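Nothing in this text is a laboratory measurement; each read-out follows from the coordinates by a stated rule. Model, not experiment: these values are computed from the prediction. Note: ideal-geometry Cβ built from the backbone for every residue, glycine included; neighbour counts use all protein chains shown.
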Amino acid sequence: MGCDAAAVAALLRAGAATIAEHRVELTDLDRPIGDSDHGENLNRGFTAVVSTLDTAVPETPGGVLKLAATTLISKVGGAAGPLYGTAFLRAATTLGDKSELDAASVVAALQAALAGVVARGKADVGDATMVDALSPAAAAAEASENNGIAGLLAAAADAADQGAQSTVPLVARKGRASYLGERSVGHLDPGARSTALLLRAFAEAVR
Ligand code: ADP
Ligand code: MG
Ligand code: MG
């Protein structure tokens with residue numbers, strides 16, 4: 001299947017659906033190590049993304065991702081809003097005005113998203129943030145590029161799941177959870193979990 005603007009809009013709708021479904025779980029993850037709002041924040045943002053897509057779908061995949069980025073930046077707030085917004089914006093910029101995505105461009109978009117999150121939030125792998133999910137996901141996507149868009153997104157989602165789980169024994173070094181120091185150990189990072197959920201939804205939507 002060709003991955004045009006409509007297909008990318010469908011991925012975002014699938015992402016919004018998974019965030020809505022896991023809203024309470026994400027907020028519960030944010031309770032012991034944060035301020036109990038991650039699920040609400042993302043659900044507000046992705047609900048707004050779906051509303052804007054209901055009005056009009058931009059002509060290119062990059063245009064769709066840019067619209068998602070600006071919507072997330074204005075609606076999500078907190079730490080995650082600018083971070084996810086930057087991720088989608090960098091992905092959009094990398095795609096330029098291509099009208100159809102191939103596997104290589106999806107890999108490039110994931111790598112750009114990671115670079116954007118790192119530039120914005122300055123987290124390294126091992127700091128117990130969404131970077132712990134997104135970084136292995138981008139690497140797995142690159143390694144699976146020959147498997148096509150569905151295959152590379154499935155590999156990215158698997159790697160993101162593992163990466164999210166890897167945050168449990170870590171001391172958080174960025175964001176609100178870092179205020180807890182050693183007491184942040186033993187908790188799954190909510191942003192890493194939401195990144196893994198989004199990638200799984202994208203992988204399943206593209207199949
Ligand atoms: P807030 O902490 O402002 O309430 P959210 O609860 O919506 O924002 O999002 C928290 C998530 O944001 C964390 O679980 C973590 O994954 C991510 N995060 C926070 N700071 C950073 C950072 N500097 N770099 C990468 N990710 C971060
Ligand atoms: Mg929070
Ligand atoms: Mg908050």
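General remarks:
- When the helices of the chain are scored as -39500 (n - 2.57) per DSSP H run of n ≥ 4 and the total is divided over every residue, the value at 222 nm lands at -23000 deg cm²/dmol.
- Taking θ as phi - 60° and the Karplus parameters 6.51, -1.76 and 1.60, the scalar couplings of region 13-26 work out to 5, 5, x, 4, 5, 5, 5, 4, 5, 9, 3, 5, 4, 5 Hz in sequence order, x denoting glycine and proline.
- Loop-located trypsin sites (Lys or Arg not before Pro) across region 134-201 with a Cβ neighbour count of 14 or fewer within 10 Å are lacking, with loop assigned by DSSP.
- Cross-link table Lys66/Lys122; Lys66/Lys98; Lys98/Lys174, entries beyond 25 Å C-alpha to C-alpha: Lys98/Lys174
- Amide hydrogen proximity for Leu101: with H placed 1.01 Å from N in the peptide plane, the residues at 5 or more positions away or on another chain lying under 5 Å are Cys3, Asp4.
- Options Ile149, Gly15, Thr86, ranked by Cα towards positive dipole end of the chain, top entry (Cβ charges): Thr86
- Extension gain for Asp97 to Val168 (0.36 nm times residue separation, less C-alpha to C-alpha distance): 21.6 nm.
- Using the Cβ-Cβ distance between Glu204 and Ser74 with R0 set to 25 Å, the FRET efficiency works out to roughly 0.35.
- Rounded to whole Hz, the Karplus (6.51, -1.76, 1.60) HN-Hα couplings of region 177-183, x for glycine and proline: 4, 5, 5, 7, x, 4, 5
- Amide H contacts under 5 Å for Gly126: Asp132, restricted to partners 5 or more places along the chain or on a different chain, H placed in the peptide plane at 1.01 Å from N.
- Taking 1.567 mPa s as the viscosity and 4 °C as the temperature, the Stokes-Einstein diffusion coefficient of the chain based on its alpha-carbon Kirkwood radius rounds to 79 µm²/s.
- Taking the longest Cα principal axis of the chain as reference, the axis of helix 103-121 is set at about 40 degrees.
- Potential extension, Ala104-Thr47 segment - 0.36 nm per residue separation minus Cα distance: 17.6 nm
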